[in-house]
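Structure record follows, encoded as structure tokens.
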Amino acid sequence: MLPKGPYKPSETEAEMLKFWLDHNFYAPEYTSDRELSSAHLPERESFMITLPPPNANGNLHLGHMSGYAYQDLMGRYQRMLGKKVLLLPGKDHAGIQTEVVFEKELAKKGKSKKDLGRETFYKACYKFCMDNSATARNQEKKIGLSADFERELFTLDPKIVDEVLKAFILMYEDGLIYRGKRIINWCPRCSSALADIDTEFKDSQSPFIYFKYGLIDAEPYAVSLKNKFAGKEIEVTVERSKGDKFTTKNGEEYQWPFDYYGYIAGEKNPNDGEDLDAWILGFDNLKKGDKVTGKAEAIMMRFDKDYKLIVINPEKNLNELQDELEKLFLHYCKHFAGVHIIKFADYPEDKFYNNGFIIGTVRPETIFGDTAIAVDPDDWRYQEFLGKSFAVRTITSTTKLNIIGDQAVDSEFGTGSLKITPAHAMEDWDIAKRHQTECMPEKQVINFDGTMNHLAGKYNGMKADEARKTMLEDMKTAGMLISIDTAYENRIRICERCKHPIEPLVSHQWFVDTKPLKAKAKELVEQGFTEIMPEGKKKTYFDWMNTPEDWCITRQLWWGYRIPVWYKGTHEQFIDENGVVREKIAGKTISENSDYQDLLYVGLDNPNSQSETLDVIRHAETDNNHIGRISGQNDSQINANGVTQTGLLAKKLKSENTGYDLIISSPLKRTYTTATIIAKELGLEVITDDRLKERNFGILEGLLWQEAELKYPEFTSANDANYQETIPGGESIQEVESRVQEFIADIKQKYAHKKILIVTHSGVIRVFKRELGGETPAASRAHEINNLEINSFPFRLPVTDNRSPIWNQDSDVLDTWFSSGQWPYLTLKASGVNDYQDFYPTQVMETGWDILLFWVTRMMLLNPYRAAKELQKSNGKPWDQQPGEKIAPFKDVYLHGLVLDKNGVKMSKSKGNGIDPFEMMQKYGTDALRLSFILGNSVGQNYRLYEEKIANNRNFCNKLWNAGKFILMNLEDFELRISNLESQLRATSYQLPNLLPADQEMYNHIQQLHQDTTRRMDSFQFGIAAQELYDSFWHTFADIYIEKVKSRLYTKDREGNPINQDEAAQQSRKAAQAILYFCMNAYLKMLHPFAPFITEKIWQALPKSEQEAESIMYCKWKIK
RNA sequence: GGGUGCUUAGCUCAGCUGGUUAGAGCUACUCGUUUACACCGAGUAGGCCGAGGGUUCGAAUCCCCCAGCACCCACCA
């Protein structure tokens, strides 16, 4: 029975949540005892969603919740289809974001990260994340997310870290990761490189400065012509008149189109040494050889740098002739292409060359880093300069600039000439790379801390923006400043996290060569191994995959995976005297083309201690050993033979000069005695450690092995299956393993650089074989371990600072996306023994469309690579030739829309228009909120969410509740046969084929609805599925069918008198009950993925058969 | 500059592979508390499905083009 009154979500939700969690329903291993035996487990089809890991320190917002609603509904639906479902949760360390947040935390206590030091900072930050992640995890539980929380992983979990570093190493070995020098976004405050996606733009008004680069020892010819002829009378000898035939240099014949043509007496064109030409307009009756005088009014300039003066009749003026001239030029454009007439009167003084280049810039302080001036190669104004180089005046000195032509320059913008500063502007770097010889090497004038360096002369040491202001004054004084446009609007790139302006800088970083990975990622979608929904987003995906941009994966932070790269000697990056960014290893500058071959080591282990080994020895013989009796932790002593043998061994060790610093022993007598004998001979101390004790064999201890094998085969058979079997009173192998693992980790820390001898037992030695020897569990058990047998394992100890190591580890950490980009692979590798085999490739990646380019693309780059490398181990084929269906990380990418506020504006903290999901859940119920994310929405489409919507869905839940109550009230005498409508109806005369019309209609309706819903669910049309269920339940089932059958259900009238007592009425009543029960069951099941709490609650209250599952979560989706 | 999505009732949105009279919720109005529910029921009103063109027996749906809005990517010297 359900309690009276309206539906109270908070009570039901707390109760259901506890029920689900207590029964471990979320684990894929769960099977209902009543439905399936665990023997069937491996055969079940698997369905997995790797959940997008939220930031470990963040509070979850509505966006996260909407994602969970979609992910969970898919999971719940698939679970009801009988699949083995895993929704794998995780938390992200969120690199720079968390580092900045935690630095602020520290600042509150008056500390900086430098005060703590790298290690302490990392540990503190780790703790900070772990503490905070509980909040997010509880919130995930609260929304009803049926994820297996036991499997939750943090991106910096040690199990994950090793796998991430392995990816770096594999990719390095495959040539997919390289060290390169490139311009990158640099945040001077964070002191780190940033990817474009770690930055954002801010609108700003910056003064746009026009200044002149004065040419020192060169005067443009056009300028000299102007200076010589503008407005002056010149004498011209006539050569040709209108209509005269002439032949061009390429042999084409033309008729002269203009009035006259001639040359200026006594003037030679220095470009070709020929007579300086003149076009004569407006004189009458001249003939060849005549000499005329006139005023030169303009230069006609052609792209082949051929200058002609136009001389005109003083009675006519050039403006009047302009149109006519242009028409003529157009007509003859084949020959005269690229002709410009420059009137002396309008001769440009300030917007382009005039004995120099006028440059427009917002960053004058970078002029010391200029290597060239670029112009549009087709820009007529700069033709005579192309390919030349000029000495120009800066404020304090002079420098030489090459003039290059590049299509990237927009001749319309500013003055059409662009200063090239390869070290401090992205676009400039690209242009400079296209013109290596003219523009490179770079001249970096701003240091990594954002101050000007030695190349900036008197500005050396100033902050860049300070230098900018000071320079304005100085430019004015030096006569360089032409004008300032103070209203200029531009966008400044800033650090997404700390909002400090980004300084583009050249720097050595590690890059991923994305070309082969992108090609593969593209192919996987093209060939349909991964589908992207909505369809339209495929294009965005392909566009990104087609952009051949390499990925800078290193960040200069502390919070993250420190890269497994080591330099032979001290390593530093610096700016040399010419402004070139270089690297130095062990004091030696790396040459530009060096491949670092002998100077780099890339690997998981510290190369400084590569030769170290750890020796592990078994204790000497005991009487029990002799007869094959199990000792375990039962304390037996070594026998006389053992003492003798140990003595001999100790002498041998001494003579071999093994150089042990320390002996660590199990505290049991047989090992401790063995250790002491050796220690005495070598003059060492013995330290004991409980974790080295033999496995506790519990009830097996004292038995002979033969006896034990007969009596307890389940504990003695050597196979992987009894790995987790705990012997009564004793330990499982797994337990031994974990204490030994802990021990190993400890001594790595504690006894760095000590050479250690371990004295222990065979069970423990087998763990060493697995952990350090890389042996499989089976191999580690394959051989008997003899008394006093020494096993040497490679054991690399961390380096301490006071040891001055040869190899220094790179201090950089990896970009967060490098790890989250492998997330499905990493989590499955780390979460359980067989999870990778069982669940990779996963089925669905569900996330917001805004994450497509950040995350999904990167997962499509890295996961297929990792999976392919895994396959390569067994079949030897190169990674890029592995089958797509095995390496694609997921079959479908479902991108949900973003939640907007009532006015269609994206919710954000700063706008304050966000809705607190927990407040809504409190007020209207989690199911109501979840329905609001789904109902009527379609894939990839943003949707508005506001309180009325949620309230409306609360009403729906209440309707469900009341209908449930009503049905239960009328099922009091209902005897459930089995949960099958047909047998339920058998006691009545209304069998399936001849139901009452109303029943028949309802029955048909729900069959159709179930079919439709299934189709919708299978084709990801969740919004429609939910809408149809909503409408059907409310308006067909509740409003129509229930109303119709009421009269058949009642056994008493309003006054309490019995009615419907005869046999026919009873049968009709039973039929109605059967249909009601059948439909309600079906609705609850179909609605469960959308509204899990209330459906479970009502379903629990309905009569159930013995065979039915414990929870609606494990009900069969099919209705019968 | 390149791209994507949207435009359907007063408002917010569905409408899958083209097929009877275009749907829902909210809002408005009318009526109704009869043993689930006023967080309700019965009903009414409200739409040349952005404009134009095409394909088709038939178009909100497919194609072309235009306009407006929103967003994404790149660039902004």
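The values are calculated or read from the model by the stated rules, or taken from the named source; none is laboratory data. What you see is a predicted model, and the numbers here were worked out from it, not measured in a lab. Methodologically, a virtual Cβ is constructed for each residue, glycine included, from the backbone with ideal geometry; neighbour enumeration extends over all protein chains shown. Heavy atoms of the whole protein, side chains included, go into the accessibility calculation; ligands, DNA and RNA do not. Shrake-Rupley method; radii C 1.70, N 1.55, O 1.52, S 1.80 Å.
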message = Per 0.36 nm of contour for each residue apart, how much would the distance between A:K584 and A:Q1061 grow if the chain were fully extended, relative to their Cα-Cα spacing?
response = 161.7 nm
query = With each label point set 7 Å from Cα along the Cα-Cβ vector, what nm distance links A:D605 and A:M426?
reply = 4.3 nm
Chain A, helix-only ellipticity at 222 nm - DSSP H runs n ≥ 4, -39,500 (n - 2.57), divided by all residues, nearest 500 = -11000 deg cm²/dmol
Reachable lysines, given that their alpha-carbon falls under 16 Å from the alpha-carbon of A:K652 and they are not under 8 places away in the same chain = A:K680
message = Suppose each label sits 7 Å from its Cα in the direction of the beta carbon; what would the A:S938-A:E681 distance come out to in nanometres?
response = 8.3 nm
inquiry  = As an exercise, use a Förster radius of 45 Å and the Cβ-Cβ distance of A:D22 and A:Q741 to find the FRET efficiency, rounded to the nearest 0.05.
reply    = 0.90
request  = Quote the relative contact order of the range A:154-309 in percent (integer), defining contacts as alpha-carbon pairs under 8 Å separated by 6+ residues.
outcome  = 18 percent
ask   = Measuring from a point 7 Å past the Cα of A:A1101 along Cα-to-C-beta, which residues in the range A:1032-1075 have an amide N at less than 12 Å?
value = none
query = What lysines could a cross-link reach from A:K476, if we take a straight Cα to Cα line under 23 Å and drop same-chain neighbours fewer than 8 places away?
reply = A:K212, A:K351, A:K400, A:K419, A:K458, A:K463
task = Just the number, please: percent antiparallel of the DSSP beta bridges in chain A, rounded to the nearest 5.
result = 70 percent
task = Give, in nm to one decimal, the length gained when the segment between A:K923 and A:N227 is fully stretched (0.36 nm per residue of separation minus the Cα-Cα distance).
result = 242.2 nm
task = Compute the projected area of the convex hull of the Cα atoms of chain A, averaged over all viewing directions, and report it in nm² to one decimal place.
result = 65.2 nm²
ask   = What order do you get for A:51-64, A:957-970 when each peptide is scored by the mean count of other beta carbon atoms within 10 Å, highest first?
value = A:51-64, A:957-970
key: Average accessible area per residue (Å²) across chain A - probe 1.4 Å, nucleic acids and ligands excluded   = 44 Å²
remark   = Computed from the beta carbon distance with a Förster radius of 25 Å, FRET efficiency for A:V905 and A:D203 to the nearest 0.05 stands at 0.85
note = Cα-Cα longer than 25 Å, checked against A:K965/A:K1085; A:K228/A:K308; A:K226/A:K469; A:K141/A:K539, kept in input order, equals A:K226/A:K469; A:K141/A:K539
query = What is chain A's relative contact order, in percent, from Cα pairs under 8 angstrom and six or more apart in sequence?
reply = 14 percent
inquiry  = Can you return the aspartates and glutamates within cross-link range of A:K202? Criterion is Cα-Cα under 13 Å, with same-chain partners fewer than 8 residues away left out.
reply    = A:E489, A:E496
task = Can you tell me how much longer the chain between A:S389 and A:M969 gets when fully stretched, taken as 0.36 nm per residue apart minus their C-alpha distance, in nm with one decimal?
result = 199.2 nm
message = I'd like the orientation of helix A:762-771 relative to chain A: the angle between its Cα long axis and the longest Cα principal axis, in ° from 0 to 90, rounded to 10.
response = 30 degrees
ask   = Roughly to the nearest percent, how much of the accessible area of the range A:476-613 is carbon and sulfur, given a 1.4 Å probe?
value = 46 percent
query = Per 5 Å bin, what percent of the C-alpha pairs of the range A:480-615 does each bin hold, from zero upward?
reply = 2, 6, 10, 12, 13, 13, 13, 11, 9, 7, 3, 1, 0, 0, 0, 0
request  = Set the Förster distance to 45 Å, then compute FRET efficiency between A:T658 and A:Q881 from the Cβ-Cβ distance, nearest 0.05.
outcome  = 0.40
inquiry  = If I fit a long axis through the Cα atoms of helix A:118-142 and take the longest principal axis of the Cα atoms of chain A, what angle between them do I get, 0 to 90°, rounded to 10?
reply    = 60 degrees
ask   = Considering only DSSP states other than H, G, I, E and B, which trypsin sites (Lys or Arg not before Pro) in the range A:428-531 qualify as loop sites with at most 12 other Cβ atoms within 10 Å?
value = A:K499
ask   = For the range A:904-1041, what size does the Cα cloud have along each of its three principal axes, sorted from largest down, in whole Å?
value = 67, 33, 25
key: Of all accessible heavy-atom area on the range A:637-731, the percent that carbon and sulfur account for (1.4 Å)   = 51 percent
task = Select from the range A:1-34 those GluC sites (Glu not before Pro) which occupy a DSSP coil region and have at most 16 other Cβ atoms within 10 Å, ordered by residue number.
result = A:E29
query = Carbon and sulfur: what percent of the range A:929-1037's accessible surface (1.4 Å probe)?
reply = 47 percent
query = Which angle from 0 to 90°, rounded to the nearest 10, does the C-alpha axis of helix A:857-875 make with the longest principal axis of chain A?
reply = 60 degrees
task = For every other residue with a beta carbon closer than 14 angstrom to the beta carbon of A:N634, add +1 if it is Lys or Arg and -1 if Asp or Glu, then tell me the sum.
result = 0
query = Out of the range A:115-210, which chymotrypsin sites (Phe, Trp or Tyr not before Pro) are coil in DSSP terms and have no more than 10 other C-beta atoms within 10 Å?
reply = none
key: Point-to-point label distance, A:I978-A:D272, nm (Cα→Cβ direction, 7 Å offset)   = 10.3 nm
